[in-house]
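Read-outs: derived from the displayed coordinates by stated rules, not from any lab. All values derive from a computational prediction rather than experimental measurement. Note that each Cβ is placed from the backbone with ideal geometry, even for glycine, and that neighbours are counted across all protein chains shown.
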């Protein structure tokens, strides 16, 4: 079962500027900045109610950087919270949904799996908090 919008991610070139704006100007609840070395990105998190805003800054020439170069700054992906990630993944596989990964993987404080682009071309993740 889907239980919430877990996070909405935006890709950006200048993470310091984003943090300064949303923390100091807008007054959002800043949850810190984290480096995901295996993904070659730095992420700033802000909590709004039950939903996280995730700002992603790629620091290498891998996939997210390609996304940034092709599409520019802005919306990156949306992640929906689920109660049982493996069960939802298997259910969607039977429905013909394609995924970027072969199995769920570890995120920051959660497990996730990324669908190949969902209509209308939106990158979608499923997330189970741990």
Most fluctuating residue given options 66, 111, 102, as computed from a GNM of the chain linking Cα atoms under 10 Å: 102
Residue of 103, 79, 44 that the Gaussian network model of the chain assigns the largest fluctuation, springs spanning Cα pairs under 10 Å: 103
Among 96, 32, 107, residue whose mean-square fluctuation peaks in a GNM of the chain (springs only between Cα atoms under 10 Å): 96
Percent antiparallel among DSSP beta bridges (both partners in the stretch 2-129, rounded to 5): 80 percent
Projected label distance in nm at residue 73 and residue 23, using a 7 Å step from Cα toward the beta-carbon: 1.7 nm
